[in-house]
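The values are calculated or read from the model by the stated rules, or taken from the named source; none is laboratory data. Since we're looking at a predicted model, the values are computed, not measured. Here the Cβ positions follow ideal geometry from the backbone for every residue, glycine too, while neighbour counts run over all protein chains shown. What goes into the accessible areas is simple: the full protein's heavy atoms, side chains included, and nothing from ligands, DNA or RNA. Shrake-Rupley method; radii C 1.70, N 1.55, O 1.52, S 1.80 Å.
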Amino acid sequence: MRNKKLSFLLFCLILVACNPVIDSPVSTSMPETALPSATPAPTATSIPSTTATTVPENALKVCLAEEPSAYLYDPSNSDLATQSLFDLIYVDMFAAQDDKGKPAYLSSLPSLENGDIEISNVPVDIGQKIMLNNGHILELSEDELPNYLNYGLVEVDDEGEYQTVQTQIIYKLKADLKWSDNQDLTSADFVFAYQSAKASSKLEYQWLLERTASFEAQDQHTLIWKGIPGFVPADSSAFLWLPLPEHRYGTLSAQEIYAIDASAQLPVSWGPYQIVSWEDGKQINLQPNSNFVLQTAEFPAFENLTFIIQPELEAAISMLETGECDVLDPSYRFDFLDKEQLEELAETHNLVFENGQGSLDLVFGIMPASYDVDYYSPWISERQDFFGSLETRKAISACVNAPELVAEIFHAALPDFVSLPDLKEETEEIDPLQLLEEVGWLLPEDDPEGIRVADDVPNVMDGTRFSLRLLFGDKEIEKLLAEALKKNLGQCGIGLDLIPVTENELFEPGPQGSLYGRAFDLALVSWPETEAKACERYLSDRIPSPLNNWDGINVAGLISPGFDELCTSVGVKTDEDDKEIKEDDLIQEYLPSISLLPDYRIWVYSPRLILPDDSGFSDLWKFELND
């Protein structure tokens, strides 16, 4: 199984510390501003009843906007409600620490210093899968060997021996780990998960599998991962497969495992809680896992934890006020609410804003898919090559003025008590108006709209108006950003038509979807957290097109061998003398996109609860009652 839990860092202290209003009594009245449903309204016969089902005493009650997927082992199920359930039955084995700050599941974290990460030169053979230092993965071909020598492959002697680097990571598990059913949790469970992923056709595993040469158990508590030659990972945690209980599913195929219905066949756990009952469409009951390695006399604090499915946001807020819910999880998508609605909600409830590992970016449509088929010609192509010039992209970036733009919109979209995250300042001072003139985008004297036109712009027909289209989704902050971008670009003489779409429409696969079909000029995109580095979104061989059945993430269409080579080195230091390449600097240099904001998720909890300092939603098991 590989459904890696998202890890989040709080960029705002919990509201109880930020806003003294929170100390006021809980209101029994609903906010005056109408709140939208978090999910499409159910039919009258499908609305779950929260009163017909008994909630155990001393239960932490968490309301969800939708029912988690019962197919927990299928990695394609990564919705927010399913993630909330994962936070309780599984924990991040790398992040979990005991009260002394020591790893909870591993005897030590792998590093170059302790010898558990080793990078060495190894010989490679014709036909072997390797990664070149431009990020391309291929089978070593004798005919292409001269070309490979320019991309990290080294010829050792005249007899045809070639070498490149290979990484080995040793993971050392603690010896007393157990599943919630009292069976030993050993290295065999991790290898079983890897073998199941390898036997599947799940796209979610592709990135990990194509970089893995082997993943084996040295003994019951030691695992050894080896990468394909040429690949040096920046994050050693990514390649520790989340374990599957071999004692339960060892006789099943990967397809059978992913089809297991957890509501009928309750899964075992290694996290703080285990599922004890699942009532479809109503609720899921959990109890503490007695084998949880971080269990103490105080934690988990609740003898029972119940997930209650309530699709309607207003009903869920009412249940929060009456004590039928203690927490509303992120699946209610509070990020679709405007500032007034969020502030009204904060008057009687505690809002938490968690800064995630994803990001909200403005992506350039550098090379549309139409160029693939008909090639590009400024005389016949449907869209001019607006962004082929890096200087043009730099000018647009300067017009956008991301730090000031984001600060303005952040405070317009979110309550004042939410702290603005640290924003990266521009490393190069650019006068956008002057640069646009130098590229050839001139302001005609007789244009009442003030839109620039091309005059000897490279690869653009003279007289072309610099007028673009922006795709954006339906989150409140994206709407505000779109309007601000229109204003800022307009001040630079660039026209911008706003094309609002739903979140589902934005991420529709190609060729139908405009984003993954590469039929857009500019797009606001909220990228989720993945094991891959952010720069890998723009590798030359990741462009979605008919050649790969539109299975690619480089929607910008950037093709740059220099970028590819530098991206493979981001975050990697093979020794202390290496100068580390910063990912943000690389993307800012080549500008396939402009980073605007970290992604964030919002959830709500009752003043009846006490949360530990700097805790996030994944720390539910540490929440206590405020006596």
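Observations
- T464 being at pLDDT below 90, polar (S, T, N, Q) and over 28 Å from E347 (Cα atoms): no
- Lone unmet requirement of (1) within 24 Å of the chain's Cα centre (by Cα); (2) touching a residue at least 24 places away in the same chain (Cβ under 8 Å); (3) open to solvent by 40 Å² or more (accessible area, probe 1.4 Å) for Q97: (2)
- Candidates L515, L481, L498, L489 - the one that is assigned to a strand (DSSP E or B) and either open to solvent by less than 10 Å² (accessible area, probe 1.4 Å) or closer than 24 Å to W441 by Cα (or both): L498
- Residue match in the stretch 294-305 (condition: open to solvent by 20 Å² or more (accessible area, probe 1.4 Å), in a helix (DSSP H, G or I) and of a type outside the set (F, W, Y)): no
For (1) open to solvent by 20 Å² or more (accessible area, probe 1.4 Å); (2) under 30 Å from A301 (Cβ atoms); (3) assigned to a strand (DSSP E or B); (4) touching a strand residue (DSSP E or B) at 6+ places or on another chain (Cβ under 6 Å), each residue gets a yes or a no:
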| site | (1), (2), (3), (4) |
| --- | --- |
| Q195 | yes, no, no, no |
| L208 | no, no, no, no |
| E216 | yes, no, yes, yes |
| T251 | yes, no, no, no |
| A262 | no, yes, no, no |
| V268 | no, yes, no, no |
| G271 | no, yes, no, no |
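- Answer residue from the stretch 118-148, given it is within 28 Å of the chain's Cα centre (by Cα) and among the polar types (S, T, N, Q) and is least open to solvent (accessible area, probe 1.4 Å) among those: N134
Matching residues to (1) in contact with a strand residue (DSSP E or B) (Cβ under 7 Å, 6 or more places away or on another chain); (2) touching a residue at least 60 places away in the same chain (Cβ under 8 Å); (3) surrounded by 18 or more Cβ atoms within 10 Å (Cβ to Cβ); (4) acidic (D, E):
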position	(1), (2), (3), (4)
E391	no, no, no, yes
V400	yes, yes, yes, no
L405	no, yes, yes, no
E408	no, yes, no, yes
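- The one condition from (1) part of a loop (DSSP other than H, G, I, E, B); (2) open to solvent by less than 50 Å² (accessible area, probe 1.4 Å); (3) over 30 Å from P330 (Cβ atoms) that P421 does not meet is (3).
Quick grid of which residues meet (1) free of Cβ contacts under 8 Å to residues at least 60 places away in the same chain; (2) touching an Asp or Glu at 6+ places or on another chain (Cβ under 8 Å):
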residue: I430; (1), (2): yes, no
residue: D455; (1), (2): yes, yes
residue: M461; (1), (2): no, no
residue: I477; (1), (2): no, yes
residue: L489; (1), (2): no, no
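- Boolean, A315 is part of a helix (DSSP H, G or I), open to solvent by less than 50 Å² (accessible area, probe 1.4 Å) and without any contact (Cβ under 8 Å) to a residue 12 or more places away in the chain: yes
- Residue-level check: of (1) among the charged types (D, E, K, R); (2) assigned to a strand (DSSP E or B); (3) open to solvent by less than 50 Å² (accessible area, probe 1.4 Å), D92 misses just (2).
- Residue within the stretch 132-154 that is assigned to a loop (DSSP other than H, G, I, E, B) and of a type in the set (D, E) present: no
- Screening V373 on (1) open to solvent by less than 30 Å² (accessible area, probe 1.4 Å); (2) not in a loop (DSSP other than H, G, I, E, B) shows it passes everything except condition (1).
- Residue match in the stretch 158-169 (condition: under 25 Å from the mean Cα position of the chain (by Cα), in a strand (DSSP E or B), farther than 20 Å from T568 by Cβ and at pLDDT 95 or above): no
- Candidate set: the stretch 105-117, residues that are open to solvent by 50 Å² or more (accessible area, probe 1.4 Å) and not in a strand (DSSP E or B); chosen: the one nearest to T222 (Cα to Cα): L109
- Residue match in the stretch 336-357 (condition: among the polar types (S, T, N, Q) and modelled with pLDDT of 95 or more): no
- Only one entry of A519, A482, A454 meets the criterion of being aliphatic (A, V, I, L, M) and farther than 27 Å from D372 by Cβ, and that entry is A482.
- Test for F507: is it at pLDDT below 95 and either under 28 Å from L414 (Cα atoms) or open to solvent by 20 Å² or more (accessible area, probe 1.4 Å) (or both): yes
- Top-ranked residue in the stretch 532-571 [being charged (D, E, K, R) and assigned to a helix (DSSP H, G or I); ranked as farthest from the chain's Cα centre (by Cα)]: E565
- Subset of the stretch 187-224 [under 27 Å from D176 (Cβ atoms) and in contact with a Ser or Thr (Cβ under 9 Å, 6 or more places away or on another chain)]: S187, Y194, S196, E216, A217, Q218, D219, Q220, H221, T222, L223, I224
- Criterion violated by G450 - all others in (1) at pLDDT 95 or above; (2) surrounded by fewer than 16 Cβ atoms within 10 Å (Cβ to Cβ) satisfied: (1)
- Across the stretch 491-512, the number of residues qualifying as free of Cβ contacts under 8 Å to residues at least 40 places away in the same chain and out of contact with any helix residue (DSSP H, G or I) (no Cβ under 7 Å at 6 or more places or on another chain) comes to 12.
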